[in-house]
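Here is the structure we will look at, set down as structure tokens.
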Amino acid sequence: MENLILTDPMVKPENVVLENALGKNYKLFTEFANKISEKNILLEWNYYNDGKSWLCKLLKKKKNYGWLSVWNTGFKVTFYFAEKVIDGVYKLDIDDEIKKTARETKSVGKSHAVIILIKNKKRLNDVIKILEYKMNLK
């Protein structure tokens, strides 16, 4: 069973905390952070009382492209897409498992969530493809 790890409001998710929380997945996390930084996307951590956990926005200027969360199984990136553009995700050259999970995930209002556990380099590259797709939407 997966559990959110970063739940203490007093412990901000800085590098040492993230390294301890992610263990062997920390290298993938730093690679992810470097790749999105090249796209001028910043990671902004905030503690949310409603979920009692730290979540990270993927921001470019004031636009939020997605969310990052840290779990005992690694870290997840979640994107939300409007109904009119979600089909574009299914056409991307990404792992079919991501597409299948996205299709099966219940909509949040009029948005469709695409949730990816980054567990290897292939998944990391798939997340970057999805991010690039989202960044190119109008």
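The values are calculated or read from the model by the stated rules, or taken from the named source; none is laboratory data. Every value quoted in this text rests on a predicted model; they were computed, and no experiment measured them. Cβ: placed from backbone, ideal geometry, glycine included. Neighbour counts: every protein chain shown.
Does residue 49 meet the test of being over 21 Å from residue 129 (Cα atoms) and among the polar types (S, T, N, Q)?
yes
Could you count how many residues in region 119-128 are surrounded by 13 or more Cβ atoms within 10 Å (Cβ to Cβ) and either more than 23 Å from residue 23 (Cβ to Cβ) or modelled with pLDDT of 95 or more (or both)?
Counting residues in region 119-128 that are surrounded by 13 or more Cβ atoms within 10 Å (Cβ to Cβ) and either more than 23 Å from residue 23 (Cβ to Cβ) or modelled with pLDDT of 95 or more (or both) gives 6.
Out of curiosity, is residue 73 modelled with pLDDT under 95 and polar (S, T, N, Q)?
Judged against the criteria, residue 73 is a match.
Sort through 53, 69 and tell me the only one that's touching a strand residue (DSSP E or B) at 6+ places or on another chain (Cβ under 9 Å), farther than 13 Å from residue 118 by Cα and not hydrophobic (A, V, I, L, M, F, W, C).
The match here is 53.
If you check 93, 50, which single one turns out to be touching a helix residue (DSSP H, G or I) at 6+ places or on another chain (Cβ under 8 Å) and charged (D, E, K, R)?
Residue meeting the stated conditions: 93.
Quick one: in region 111-138, which of the residues that are assigned to a helix (DSSP H, G or I) and among the aliphatic types (A, V, I, L, M) is farthest from the chain's Cα centre (by Cα)? Let's see the steps before the verdict.
As a first pass, look at region 111-138 and keep what is assigned to a helix (DSSP H, G or I): 121-135.
Subset that is among the aliphatic types (A, V, I, L, M): 124, 127-128, 130-131, 135.
On the way: 124: 10, 127: 8, 128: 10, 130: 10, 131: 9, 135: 14 Å.
Checked region 111-138; the qualifying residue farthest from the chain's Cα centre (by Cα) is 135.
For residues that are free of Cβ contacts under 8 Å to residues at least 24 places away in the same chain, surrounded by 11 or more Cβ atoms within 10 Å (Cβ to Cβ) and either of a type in the set (Ser, Thr, Tyr) or not in a helix (DSSP H, G or I) (or both), tally how many sit in region 1-16.
First, the residues of region 1-16 that are free of Cβ contacts under 8 Å to residues at least 24 places away in the same chain: 1, 8, 10-11, 14-16.
Next, only the ones that are surrounded by 11 or more Cβ atoms within 10 Å (Cβ to Cβ) stay: 8, 11, 15.
Filter again for either of a type in the set (Ser, Thr, Tyr) or not in a helix (DSSP H, G or I) (or both), leaving 8, 11.
Number satisfying all stated conditions: 2.
Return the residues of region 1-37 that are hydroxyl-bearing (Ser, Thr, Tyr) and either in contact with a His (Cβ under 9 Å, 6 or more places away or on another chain) or over 16 Å from residue 58 (Cα atoms) (or both); say none if nothing qualifies.
Answer for region 1-37, where residues must be hydroxyl-bearing (Ser, Thr, Tyr) and either in contact with a His (Cβ under 9 Å, 6 or more places away or on another chain) or over 16 Å from residue 58 (Cα atoms) (or both): 7, 26.
Can you tell me how many residues in region 100-138 are among the basic types (Lys, Arg) and over 24 Å from residue 41 (Cα atoms)?
Of the residues in region 100-138, the ones among the basic types (Lys, Arg) are 100, 103, 106, 110, 119, 121-123, 129, 134, 138.
Applying the additional criterion that residues be over 24 Å from residue 41 (Cα atoms) yields 100, 103, 106, 110.
Adding up the residues that qualify gives 4.
Considering only region 89-136, how many residues are over 23 Å from residue 25 (Cα atoms), in contact with a strand residue (DSSP E or B) (Cβ under 8 Å, 6 or more places away or on another chain) and in contact (Cβ under 8 Å) with a residue 40 or more places away in the chain?
So the count comes out to 3.
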